[in-house]
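One structure is given here, and the rest of the page talks about it.
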Amino acid sequence: MVITETRYYTPEEYLELEEKSEVKHEYRDGKIIPMTGGTTNHNEVAGSLYAYLRFALRKKDFRVYIGDVKVWIPRYRQYTYPDVMVIRGEPVYAGKGKTTVMNPSVVAEVLSKSTQNYDQGDQFKYYRSIPEMKEYILIDPKQFYVMQFVKNSVGQWVLTEYEGEDNLLKFDSVEFEIPFGDLYEGVDFTKVEE
């Protein structure tokens with residue numbers, strides 16, 4: 001029997017390795033986790049949401065970012081790459097440079113088979129620890145289905161589920177809505193993707 005020891009990295013070691021890496025990794029309290037590649041349906045949904053959000057929030061006091069900007073969650077020692085995020089006002093950067101932020105108010109994740117349990121469980125817990133966080137959107141790229149979690153005035157997270165092609169996703173914390181026809185534009189539900 002071969003016993004292997006798990007190596008734990010400091011956040012600084014992770015950032016140094018990530019800067020030189022050709023593929024993206026997330027950092028989870030000492031562990032470096034490689035990110036899986038996206039599918040075409042995943043990219044269609046994330047791209048549509050980003051494009052419509054960016055257009056709707058232009059010239060307003062919001063910033064919209066897609067997949068290449070990291071979020072640092074200090075309470076749980078997590079670096080993660082949300083599919084789409086919105087920041088009210090200016091980004092608060094972690095460390096030097098402009099690659100990592102700490103203050104998203106909205107995060108949207110497009111679910112995949114390999115991450116959907118994490119996105120709905122631990123990752124949501126981590127995002128909830130961000131004081132500015134108001135809304136968490138989970139989008140299923142295999143069917144017309146969205147889960148929207150909104151933080152209410154007493155700090156409770158309320159779930160609204162949308163199912164079916166004729167729905168309209170309306171954000172609570174940002175003036176934005178998108179019909180499912182636009183959100184899922186280009187998605188091919190007949191292709192089974194992992």
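The values are calculated or read from the model by the stated rules, or taken from the named source; none is laboratory data. Because the structure is a prediction, the values reported are computed rather than measured. Backbone-built Cβ (ideal geometry, glycine too); neighbour counts: all protein chains shown. Accessible surface areas use protein heavy atoms only, side chains included; no ligands, DNA or RNA. Shrake-Rupley method; radii C 1.70, N 1.55, O 1.52, S 1.80 Å.
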Query - Filter result for Pro82 (assigned to a loop (DSSP other than H, G, I, E, B) and within 13 Å of the chain's Cα centre (by Cα)) - result: yes
Query raised in the report: If the Cβ limit is 7 Å and pairs must be 6+ apart or interchain, which residue in the range 161-174 that is touching a residue at least 60 places away in the same chain (Cβ under 8 Å) pairs with which residue that is acidic (Asp, Glu)?
Result: Phe171/Glu135; Phe171/Glu177; Ser173/Glu135
Report summary line: Selection from the range 150-169 of residues surrounded by fewer than 14 Cβ atoms within 10 Å (Cβ to Cβ) and farther than 15 Å from Asp140 by Cβ yields Asn152, Ser153, Val154, Gly155, Gln156, Val158, Asp166, Leu168
Report task. Could you check how many residues of the range 104-142 are modelled with pLDDT of 95 or more, in a loop (DSSP other than H, G, I, E, B) and of a type outside the set (Asp, Glu)? Result -> 7
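Among the residues of the range 142-188, write down those that are among the aromatic types (Phe, Trp, Tyr) and in contact with a helix residue (DSSP H, G or I) (Cβ under 8 Å, 6 or more places away or on another chain). Step through it out loud before you land on a result.
Of the range 142-188, the ones among the aromatic types (Phe, Trp, Tyr) are 144-145, 149, 157, 162, 171, 176, 180, 184.
Once the filter is applied, which keeps residues that are among the aromatic types (Phe, Trp, Tyr) and in contact with a helix residue (DSSP H, G or I) (Cβ under 8 Å, 6 or more places away or on another chain), the range 142-188 yields Phe144, Phe149, Trp157, Tyr162, Phe176, Tyr184.
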Requested in this report: Could you pull out the residue among Tyr76, Tyr127 that is under 23 Å from Gly30 (Cβ atoms), open to solvent by 10 Å² or more (accessible area, probe 1.4 Å) and out of contact with any Leu (no Cβ under 8 Å at 6 or more places or on another chain)?
Outcome: Tyr76
Query - Gln143 being more than 19 Å from Thr39 (Cα to Cα) and in contact with a strand residue (DSSP E or B) (Cβ under 9 Å, 6 or more places away or on another chain) - result: no
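Inspect all residues belonging to the range 51-63 and state whether any of them is hydrophobic (A, V, I, L, M, F, W, C), outside any helix (DSSP H, G or I) and at pLDDT 90 or above.
Here is the first cut: in the range 51-63, the residues hydrophobic (A, V, I, L, M, F, W, C) are 51, 53, 55-57, 62.
Applying the additional criterion that residues be outside any helix (DSSP H, G or I) yields 57, 62.
Keeping just the survivors that are at pLDDT 90 or above gives 57, 62.
Yes, there is a match, as at least one residue in the range 51-63 is hydrophobic (A, V, I, L, M, F, W, C), outside any helix (DSSP H, G or I) and at pLDDT 90 or above.
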Query raised in the report: Residue check, Glu109 against (1) of a type in the set (Asp, Glu); (2) surrounded by fewer than 20 Cβ atoms within 10 Å (Cβ to Cβ); (3) under 16 Å from the mean Cα position of the chain (by Cα), all met but one. Which one?
Result: (2)
Query - Residues located in the range 157-181, provided they are in a loop (DSSP other than H, G, I, E, B), within 21 Å of Ser105 (Cα to Cα) and not aromatic (Phe, Trp, Tyr) - result: Asp172, Ser173, Val174, Glu175
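Take the residues of the range 171-181 that are over 16 Å from Lys142 (Cα atoms) and exposed (fewer than 14 other Cβ atoms within 10 Å of the Cβ): which is modelled with the lowest pLDDT? Full working, then the answer.
Looking only at the range 171-181, we keep the residues that are over 16 Å from Lys142 (Cα atoms), and these are 171-179.
Add one more test, that the residue is exposed (fewer than 14 other Cβ atoms within 10 Å of the Cβ), and what stays is 175, 177.
On the way: Glu175: 94, Glu177: 97.
Among those residues, the one meeting the criterion is Glu175.
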Query - Test set (1) crowded, with 16+ Cβ neighbours inside 10 Å; (2) in a loop (DSSP other than H, G, I, E, B); (3) polar (S, T, N, Q) - Asn43 fails condition number - result: (2)
